[in-house]
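Bear in mind that the values in this text are calculations on the coordinates, not laboratory data. All of these numbers come straight from a predicted model, not from anything done at the bench. Glycine also receives a Cβ, built like all others from the backbone with ideal geometry; neighbour counts cover every protein chain displayed.
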Amino acid sequence: MPLWRDRTGAFSSLRLAALVAAVLPALWLLERTLTHDLGSRPINEAIHFTGTWTMRFLVATVAVTPLRVLGRWPKLVGIRRYLGLTTFAYAALHLSLFIVDQHFDLIHVAAEIALRFYLLIGFTAFVGLCILASTSTDASIKRLGAQRWTKLHKIIFVVTPLAVVHSFLQAKIDVTDATIIAAFAVLLIALRLLKRYGNAENPLAVAAVALGVALATALIEAGWFAVLTGVDPGLVLEADLDITMARPVWYALGAGLLMTAIAVIRRNARRKVGQRQPMQVRTA
């Protein structure tokens, strides 16, 4: 069955969009490679490129459940496997390029992973992605049972923080992209926890999570620069509060407010349906 069709065999625009999104970065990397647009250290640039897209697809995978719950969009579940496998594919390419950069010396690669903390964290996250990818089939669900399979796939809550830390440590000084990805990841995990332990469809609860994550983003970024570079954290916080600057805190707040808006729209839609339903009953 073509990958752009759902389980019933019907055409799925969501699945097609997920497939296109999965392929486009790889095509872009190929185009940059063929046109010699990867700079003086092409392999190193390709490693960073694939690492960045691994994180983006990981965040997109984690976003499926909160968006499905808040937006009441059950069809999103159909692309979660695609996004997860895409994340694994880019992570595998990321590691493969690192091996190429080390001249295929696997002993040296293993030593580097063991000795460098950020590489060890990244490799641990990759092992977690391997487990998730290898058990993403329907056969695995049947073999493990739905309950055990669900518990196993909760390791995404371990993989995601490890990948975020790896991204931070690898970025070192310029952690803007890493901070934005971290903020999105924390927001999405917080919303998933809200679904489990609270009311994930309550706009006020979602707004509170959004504000909390935005504040945490600003504090973490300021603390990172203070520890690593000695920059006055007050200056970083002052820059974060400047709305004219595209700082990570505004990305975090914008994503959180978008989630809040979705929750408000869906709640109002349910209320309207609830108000019309009694009228329909009386007419019948």
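Would region 175-272 count as rounded, prolate or oblate if I go by the C-alpha gyration tensor, calling it rounded below 1.5 in a/c and otherwise prolate when a/b exceeds b/c, oblate otherwise? Cα axes put region 175-272 in the prolate bin. In straight-distance terms, cross-link reach from Lys154 covers every one of the aspartates and glutamates whose alpha-carbon lies under 15 Å from its own, apart from those fewer than eight places away in the same chain; here that gives an empty set.
Remark: Ser40, Ser12, Ser167 ranked as Ser40, Ser12, Ser167, counting other beta-carbon atoms within 10 Å and listing the fewest first. Cα centroids of region 119-148 and region 203-267: 32 Å apart.
Among Ala178, Ala255, Ala146, the largest mean-square fluctuation in a Gaussian network model of the chain, built with springs joining Cα atoms closer than 10 Å, belongs to Ala146. Only helices enter this figure: runs of n ≥ 4 DSSP H residues, each worth -39500 (n - 2.57), summed and divided by the residues of the chain, yield -27500 deg cm²/dmol at 222 nm to the nearest 500.
Ordered by the number of other Cβ atoms lying within 10 Å of each residue's own Cβ, fewest first, Trp149, Trp224, Trp53 fall into the sequence Trp149, Trp224, Trp53.
Taking the number of Cβ atoms within 10 Å of each Cβ as an exposure proxy, the fewest-first ranking of Phe49, Phe57 is Phe49, Phe57. Site pair Leu257 and Asp138 shows an inter-label distance of 4.4 nm when each label is modelled 7 Å from Cα along Cα→Cβ.
Please compute the contact order of region 175-272 in relative form: average sequence separation of alpha-carbon pairs under 8 Å and at least six residues apart, divided by the residue count, as a percent. With pairs under 8 Å counted, the relative contact order is 37 percent. Highest average first, the peptides 241-252, 154-165 ordered by how many other beta carbon atoms sit within 10 Å of their residues are 154-165, 241-252.
Between Leu30 and Ala110, the C-beta separation translates, for a Förster distance of 41 Å, into a calculated FRET efficiency of about 0.90.
Order these peptides, 231-240, 125-134, 214-223, by their mean beta-carbon neighbour count within 10 angstrom, highest first.
Details: 231-240: 14.3, 125-134: 18.0, 214-223: 19.5.
Going by the mean number of other Cβ atoms within 10 Å, highest first, we get 214-223, 125-134, 231-240.
Charge dipole of region 175-272 (Cα centre as origin; +1 on each Lys and Arg Cβ, -1 on each Asp and Glu Cβ, all else neutral): 1020 debye, rounded to the nearest 20. Shown for the chain are the DSSP H helices of 27 Å or more along their axis, judged by Cα atoms, with a mean Kyte-Doolittle hydropathy of at least -1.0: 13-34, 42-71, 77-101, 176-197, 203-229, 248-283.
With a Förster radius of 22 Å applied to the beta-carbon distance between Leu152 and Arg196, the computed FRET efficiency rounds to 0.85. As a length-normalised measure over Cα pairs under 8 Å and 6 or more apart, the relative contact order of region 1-171 settles at 20 percent.
Which of the three applies to region 108-248, rounded, prolate or oblate, going by the alpha-carbon gyration tensor with a ≥ b ≥ c and a/c under 1.5 meaning rounded? Oblate is the answer for region 108-248, as a/c is 1.5 or above yet b/c matches or exceeds a/b. Judged by the gyration tensor of its Cα atoms, with axes a ≥ b ≥ c, the chain is oblate; a/c meets the 1.5 cut and b/c is at least as large as a/b.
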